[in-house]
Structures are given as structure tokens and as C-alpha cells.
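I have placed the structure first, in the form of C-alpha cells, so that the comments after it can refer back to it.
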Amino acid sequence: MCSPVALVLAQAAVTMGGQYVQGKAAYTQAKYEQAAAASNAALARDQAQQSLELTQKEAAQRYRAESQLEGQQQAAMGANGIDTTFGSAVSVQRDDKMIAGEDVNNIYTAGRNRTTGYLMDAYNYREKAAAAHSAAKSAGWATALGMAGTALGAASQTNKMRAQQNFGG
């Protein structure tokens, strides 16, 4: 049969082992979440950059389409003997330019909104990574303090048991 002191020490060792395993699992999970969030933040930043580039390409395509339409209109009007410098010919071209300007404005607005969404995602992922990093540190400290508390509790209990044995208690 084991002495009561040995049983207290064995119980403390088993408890501390369990605390270590739980703490290590919590730490590992938090570090995984931190890495995943950091990867997602990088991806969202890349998406924001791609969104900016896409917006510029879409706007350039719309400007090119407007220039092509203007050239076609001028050629058609010129071929039909219409003076393109005044009257309804100028109105048609002015209206087409106005519509193209509105389209480009809408392209930039949509691109800005899309890009802002990606930048907000990146920010949120960075914050999530920071929180996970903090959780990992907290898991480490909680484990260390829990194990220390268990060890001190066992030491206190064994001291009381030894004191009772020494005084015949």
C-alpha cells in the first residue's frame, strides 16, 4: 500500500499531466487559428489589389469603347455628309460621352466598394490573428499557473500530512 504522501504526489503528477495536455492543445489550436487568419488577411489584401487593377481595366475598356463609338459615329455622319461640329450630331456625341462618363463613374464606385470590402476583411483577419496569438499566450500562462497551483497544493497537503505524522496527529 502506498503512503498518503505518495498518493498526493501521484495525484498531483497526473493532474499536472492533464493540465499540460489541455494547455498544449489550446495553445496549438490558437496558433493554428492565428496562422489561418494571417493567411486569410494576406489573401484579402491580394484580392483588394486585384480589385483595384480590375477597376482600372474596366474603366479603360469603357473609355476605349466610347472612343471607338465616337469614331464610328463621326465616320458614319461624315459619309452621309453630316457636319459633326454642330447641331444634333454634336448632341449625339455629347450624350454618348456623358453616358460613358456615368458608366466609368459607376465602375469606379463599384470597384471602390468591392476593394473596401476586401480591405475590411483583411483588417478583420489581422485582428482575429492577434486575438488568436493572445489566446495562445493565455493558454500557455494558464497551463503554467494551473500546474504551479497543483504543485503548490500538493506540497501544502504533504507538509500538513508530514506535520501530523511528526506530532502524532
Considering every residue within region 75-82, establish whether at least one is of a type outside the set (Val, Ile, Thr) and outside any helix (DSSP H, G or I).
yes
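Rundown of residues vs (1) on the phi > 0 side of the Ramachandran plot; (2) touching a residue at least 24 places away in the same chain (Cβ under 8 Å); (3) polar (S, T, N, Q); (4) surrounded by fewer than 17 Cβ atoms within 10 Å (Cβ to Cβ), yes/no style:
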{"position": "ALA129", "(1), (2), (3), (4)": "no, yes, no, no"}
{"position": "ALA139", "(1), (2), (3), (4)": "no, yes, no, no"}
{"position": "GLY149", "(1), (2), (3), (4)": "no, no, no, yes"}
{"position": "GLY153", "(1), (2), (3), (4)": "no, yes, no, yes"}
{"position": "ASN166", "(1), (2), (3), (4)": "no, no, yes, yes"}
Could you tell me whether LYS31 is of a type in the set (Lys, Arg), in contact (Cβ under 8 Å) with a residue 12 or more places away in the chain and either in a helix (DSSP H, G or I) or surrounded by 12 or more Cβ atoms within 10 Å (Cβ to Cβ) (or both)?
yes
Does ASP95 satisfy being of a type in the set (Asp, Glu), over 18 Å from GLU58 (Cβ atoms) and surrounded by fewer than 16 Cβ atoms within 10 Å (Cβ to Cβ)?
yes
For a quick check of your reading of the model, give me the residue pairs whose first member lies in region 81-105 and is under 15 Å from GLY71 (Cα atoms) and free of Cβ contacts under 8 Å to residues at least 24 places away in the same chain, whose second is loosely packed, with under 15 Cβ neighbours inside 10 Å and among the acidic types (Asp, Glu), with beta-carbon atoms closer than 7 Å and at least 6 apart or on different chains.
ALA89/ASP83
Scanning for something in contact with a Gly (Cβ under 9 Å, 6 or more places away or on another chain) and more than 30 Å from LEU152 (Cα to Cα), does region 76-92 turn up at least one residue?
yes
Have a look at THR150, THR116, THR109 and point out the one that is closer than 30 Å to GLY18 by Cβ and assigned to a helix (DSSP H, G or I).
THR150
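No value in this document is a laboratory result; all are computed from the given coordinates. Predicted model only: the values in this text are computed from it and were never measured. Heads up, the Cβs are rebuilt from the backbone with ideal geometry, glycines too, and the neighbour counts pull from every protein chain shown.
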